[in-house]
Amino acid sequence: MHTSRKNLFLYLPILILFLASFIWVLKAPDHFSWSADLYLRNDDTSVLSQLFYSDNDELSQDNSTDGTRNGNIVTFSGLPDLRSLTLFRFDPTNTQESYRVTHVGFFLNGEAFFTMEAADLKAQAFPVNASWQLNGEELVFTPQNSDSSFLLSADSIREAAENAAAKLHVLYVRQRFFLALSIALLLCVLLFFRNGIASYLKTLFLPNSSGHFDWFALISTAVIAGALLVVCIIGLFSALGLHPDEWDVKACLDYGMTHFLPPDMRDPAVAQTYSGYGYTKLENYTWYFYLAGKIALLFKTMFCSLAYYRVPNLLLFAALAFYFVRNIRQKNWLMVALGICVQSWYIFSYTTADALDFTIAFAITCLLCNPQSLLYRTVEKKKLCRRDIPAFLLLGLLFGNIALGKQCYLAILALSFFVLLLRLIWQKDPLQKKVLWRNYLIIVGIFLAVFAFRAGFDIAHYGTEKSQVKEAVAIQYADYDKNPSTPTKELNPSWHMYSRGYTLSDVFAENPDWFAMSYKSFCGLLQDHDTGAWYYWCMGLLYLALFAGIGIATFRQPDNLQGKIRFVICTLLMVGELAASIVNSWLIESMAQGRYLLPCILIAGYLSSTVPELFQKKIYRTLLSIAGILSVGYFGLVGIPLFF
């Protein structure tokens with residue numbers, strides 16, 4: 001009882017700090033950033049646009065801001081508090097050429113709170129040194145001189161700004177409360193597990209009872225901790241759109257926040273999720289958008305300033321990092337699978353369904369690597385009972401969702417098939433073979449049910465005409481150079497080369513650096529073009545040396561025919577992964593994508609787990625450590641500046 005009271009007393013300072021934080025929660029100043037935009041169409045996009053504003057109906061050059069042009073959108077940033085203004089004057093151009101205005105929008109912290117369409121402007125604004133005419137959704141201006149503009153009263157805007165600021169204040173208070181609560185809970189968790197954390201740190205930094213210091217575990221932990229730090233920095237603070245396909249993936253995630261089932265791709269509700277390629281990622285079979293969407297919705301509700309759309313992937317990588325740190329001492333192969341490839345970290349720092357696919361593939365790899373795992377215990381069960389149902393369901397779901405994910409991860413499905421097939425072939429007991437067959441078929445049955453369940457939505461939506469529907473929506477949404485209705489000669493040269501009669505050699509002629517870019521975006525970042533060749537040479541030599549070490553150790557094992565066959569199969573799977581990436585460039589787009597090769601590191605990780613004696617060699621652990629240090633150093637020193 002005395003010990004229990006003492007432990008409770010330790011939490012008292014945390015409670016006091018949490019209660020004291022309510023002063024900050026309620027009284028801290030809110031950050032308001034006001035801006036406006038103007039949708040402008042004119043022939044000369046280099047003209048200067050200005051916005052004048054006033055709080056006393058008098059305009060001057062001192063109270064003005066220049067616009068920043070991006071296509072047809074002119075943005076005016078750094079405006080004062082719109083709740084105190086009385087008048088605006090928009091100067092769209094400084095020429096006498098005719099121009100058109102579609103709408104004017106006002107923003108608080110980047111979120112639109114008030115928009116005036118052309119008809120609204122015609123009714124409420126006043127032209128200066130110009131005549132105007134409403135033409136459909138556009139207001140056409142004809143300047144009388146180079147100083148044309150229009151005046152706009154701020155009365156209605158001011159009222160909308162006050163409402164928007166009041167709503168945002170509530171969100172800020174909520175955000176500060178949940179931040180204080182999260183910090184308090186984190187401190188409580190650290191305090192509760194303080195003995196275990198202290199024990200782990202002690203074993204990490206100090207020699208064990210036999211005087212052995214595990215420097216490899218320390219370096220590996222430092223590498224994955226550094227990778228987690230960089231992932232969080234990029235994920236939480238980099239701007240939206242700097243990463244591959246993130247705009248349309250975020251739109252799909254936003255849809256998944258409030259929906260639970262796959263939509264018909266013709267549904268107007270998914271129109272904003274289409275990319276310039278003419279398709280929506282919601283048509284893919286993955287459940288990522290509906291699962292991650294609910295997590296994103298939770299964090300968006302609690303933290304209004306957070307990049308909520310990246311939180312699900314950050315949590316996934318945090319879980320992988322935790323598993324890595326907990327097990328690296330006993331499972332050195334984790335360093336091969338998760339500690340030496342920049343791209344395997346980078347996919348968790350932005351919004352992409354690849355993160356879930358990699359996580360599931362990693363989980364399956366862990367099951368394959370552990371002889372005592374749930375997978376092997378389940379397939380060898382002779383007598384089944386109700387308590388075994390969850391295990392079969394979990395395995396069927398894991399394998400099923402790999403099949404629903406990105407096609408490159410089918411290599412992990414193939415790896416699982418061959419590993420279990422070899423286990424069946426090498427089983428000498430006829431009775432145990434029957435047991436394996438039965439349990440394999442149960443898992444396959446659940447796997448097929450998972451796949452059929454997702455495919456059922458497509459059948460319900462399109463029947464047997466999905467390909468025709470895909471072409472129709474592609475015509476509706478695709479960019480001109482990727483649109484099926486565009487004449488063949490005017491299509492993007494790298495787009496759908498196979499269907500246009502091009503050969504594989506034409507793919508490499510169109511993209512002569514395909515292999516180099518695939519490799520560089522595997523151990524580096526696709527957006528990086530400045531890193532010296534020495535880094536890629538070093539990583540390439542390290543990869544070859546590490547893989548050669550696995551092969552040599554495998555073939556040196558006596559009486560290990562199964563292991564040698566397994567090594568050959570895995571090597572062929574890696575080659576097949578590269579070939580599949582080439583075919584994808586031929587069929588879809590010739591752009592190189594190193595992330596399509598990520599299953600190779602998981603396959604290598606599995607192979608290294610079959611030769612645990614390899615990790616007793618100091619030279620191998622040293623090479624692994626160097627590869628990890630180089631990778632995390634590149635990720636931090638190149639990745640962070642690249643996105644900021």
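The values are calculated or read from the model by the stated rules, or taken from the named source; none is laboratory data. On a predicted model such as this, the values are computed, not experimentally measured, just so you know. Cβ atoms come from the backbone with ideal geometry, glycine included; neighbour counts cover every protein chain shown. Please note that ligands, DNA and RNA were not included when accessible areas were found on the heavy atoms of the full protein model with its side chains. Shrake-Rupley method; radii C 1.70, N 1.55, O 1.52, S 1.80 Å.
Residue under question is residue 99, and the condition is that it be touching a helix residue (DSSP H, G or I) at 6+ places or on another chain (Cβ under 9 Å) and aromatic (Phe, Trp, Tyr); does it hold? The answer is no for residue 99. Every residue in the stretch 438-467 that is surrounded by 13 or more Cβ atoms within 10 Å (Cβ to Cβ) and farther than 22 Å from residue 261 by Cα, please. Matches in the stretch 438-467: 438, 439, 440, 442, 443, 444.
For every residue, the table says whether it meets (1) of a type in the set (Asp, Glu); (2) within 30 Å of residue 397 (Cα to Cα); (3) modelled with pLDDT of 90 or more.
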position	(1), (2), (3)
462	no, yes, yes
465	yes, yes, yes
489	no, no, no
499	no, no, no
510	yes, no, no
514	no, no, yes
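Among the residues of the stretch 93-126, the ones that are modelled with pLDDT under 90, of a type in the set (Gly, Ala, Ser) and within 36 Å of the chain's Cα centre (by Cα) come to 1 in all.
Take residue 627 and tell me if it is surrounded by 18 or more Cβ atoms within 10 Å (Cβ to Cβ) and not in a helix (DSSP H, G or I). In short, no. Looking at 470, 489, 482, just one residue is within 21 Å of residue 500 (Cα to Cα), among the charged types (D, E, K, R) and surrounded by fewer than 13 Cβ atoms within 10 Å (Cβ to Cβ), and that residue is 489.
Residues in the stretch 586-613 that are more than 24 Å from the chain's Cα centre (by Cα) and either surrounded by 24 or more Cβ atoms within 10 Å (Cβ to Cβ) or not hydrophobic (A, V, I, L, M, F, W, C) (or both): 7 in all.
With respect to the conditions (1) in a loop (DSSP other than H, G, I, E, B); (2) touching a Phe, Trp or Tyr at 6+ places or on another chain (Cβ under 7 Å), residue 314 falls short on a single one, namely (1).
Just wondering, is there one or more residues in the stretch 374-381 that are open to solvent by 30 Å² or more (accessible area, probe 1.4 Å) and of a type in the set (A, V, I, L, M)?
In the first step, residues of the stretch 374-381 are kept if they are open to solvent by 30 Å² or more (accessible area, probe 1.4 Å); the result is 374, 377, 380-381.
Add one more test, that the residue is of a type in the set (A, V, I, L, M), and what stays is 374.
Yes, that holds for at least one residue.
Take the conditions surrounded by 15 or more Cβ atoms within 10 Å (Cβ to Cβ), among the small types (Gly, Ala, Ser), over 30 Å from residue 7 (Cα atoms) and touching a helix residue (DSSP H, G or I) at 6+ places or on another chain (Cβ under 9 Å) and apply them to residue 184. Does it pass?
Details: surrounded by 15 or more Cβ atoms within 10 Å (Cβ to Cβ): yes; among the small types (Gly, Ala, Ser): yes; over 30 Å from residue 7 (Cα atoms): no; touching a helix residue (DSSP H, G or I) at 6+ places or on another chain (Cβ under 9 Å): yes.
It is false that residue 184 is surrounded by 15 or more Cβ atoms within 10 Å (Cβ to Cβ), among the small types (Gly, Ala, Ser), over 30 Å from residue 7 (Cα atoms) and touching a helix residue (DSSP H, G or I) at 6+ places or on another chain (Cβ under 9 Å).
Would you be able to tell me the number of residues in the stretch 29-71 that are in contact (Cβ under 8 Å) with a residue 24 or more places away in the chain and assigned to a strand (DSSP E or B)? Going through the stretch 29-71 one residue at a time, the tally reaches 14.
Can you pull out every residue in the stretch 588-644 that is farther than 23 Å from residue 370 by Cβ and of a type in the set (Gly, Ala, Ser)?
Our first condition is that a residue be farther than 23 Å from residue 370 by Cβ; within the stretch 588-644, this holds for 588-597, 618-619, 622-623, 625-627, 629-644.
590, 592, 594, 625, 627, 631, 633, 636, 639, listed by residue number.
Please determine whether any residue of the stretch 308-316 is open to solvent by less than 10 Å² (accessible area, probe 1.4 Å) and charged (D, E, K, R). Yes; the residues of the stretch 308-316 include at least one that is open to solvent by less than 10 Å² (accessible area, probe 1.4 Å) and charged (D, E, K, R). Does at least one position in the stretch 255-267 carry a residue that is touching a strand residue (DSSP E or B) at 6+ places or on another chain (Cβ under 6 Å) and in a helix (DSSP H, G or I)? No. Out of 95, 45, 68, one residue alone is over 30 Å from residue 181 (Cβ atoms) and open to solvent by less than 60 Å² (accessible area, probe 1.4 Å). It is 95. Condition check: touching a residue at least 60 places away in the same chain (Cβ under 8 Å), open to solvent by 30 Å² or more (accessible area, probe 1.4 Å), farther than 25 Å from residue 483 by Cβ and in contact with a Gly (Cβ under 9 Å, 6 or more places away or on another chain). Does residue 219 satisfy that? It is true that residue 219 is touching a residue at least 60 places away in the same chain (Cβ under 8 Å), open to solvent by 30 Å² or more (accessible area, probe 1.4 Å), farther than 25 Å from residue 483 by Cβ and in contact with a Gly (Cβ under 9 Å, 6 or more places away or on another chain). Close contacts from the stretch 464-477, counting a first residue that is closer than 18 Å to residue 271 by Cα and a second that is modelled with pLDDT of 90 or more and among the acidic types (Asp, Glu), with Cβ to Cβ under 8 Å and a gap of 6+ residues or different chains, come to 466/458; 470/283. Examine the stretch 222-233 for a residue that is in a helix (DSSP H, G or I) and within 22 Å of residue 403 (Cβ to Cβ), and state whether such a residue exists. No, that holds for no residue.
Contact map, the stretch 235-251: first residue on the phi < 0 side of the Ramachandran plot, second residue open to solvent by 40 Å² or more (accessible area, probe 1.4 Å) and of a type in the set (Val, Ile, Thr), Cβ cut-off under 9 Å, separation 6 or more or different chains; pairs are 238/640.
Just one of (1) in a strand (DSSP E or B); (2) under 22 Å from residue 32 (Cβ atoms); (3) of a type in the set (Ser, Thr, Tyr) fails for residue 102. It is (2).
Taking the stretch 322-335 as the search range and keeping residues that are open to solvent by 10 Å² or more (accessible area, probe 1.4 Å) and in a helix (DSSP H, G or I), which one is nearest to residue 643 (Cα to Cα)? Please lay out each step first, then the result.
Here is the first cut: in the stretch 322-335, the residues open to solvent by 10 Å² or more (accessible area, probe 1.4 Å) are 322-323, 325-327, 329-333.
Adding the requirement that they be in a helix (DSSP H, G or I) leaves 322-323, 325-327.
On the way: 322: 26, 323: 28, 325: 27, 326: 31, 327: 32 Å.
Filtering the stretch 322-335 for residues that are open to solvent by 10 Å² or more (accessible area, probe 1.4 Å) and in a helix (DSSP H, G or I), the one nearest to residue 643 (Cα to Cα) comes out as 322.
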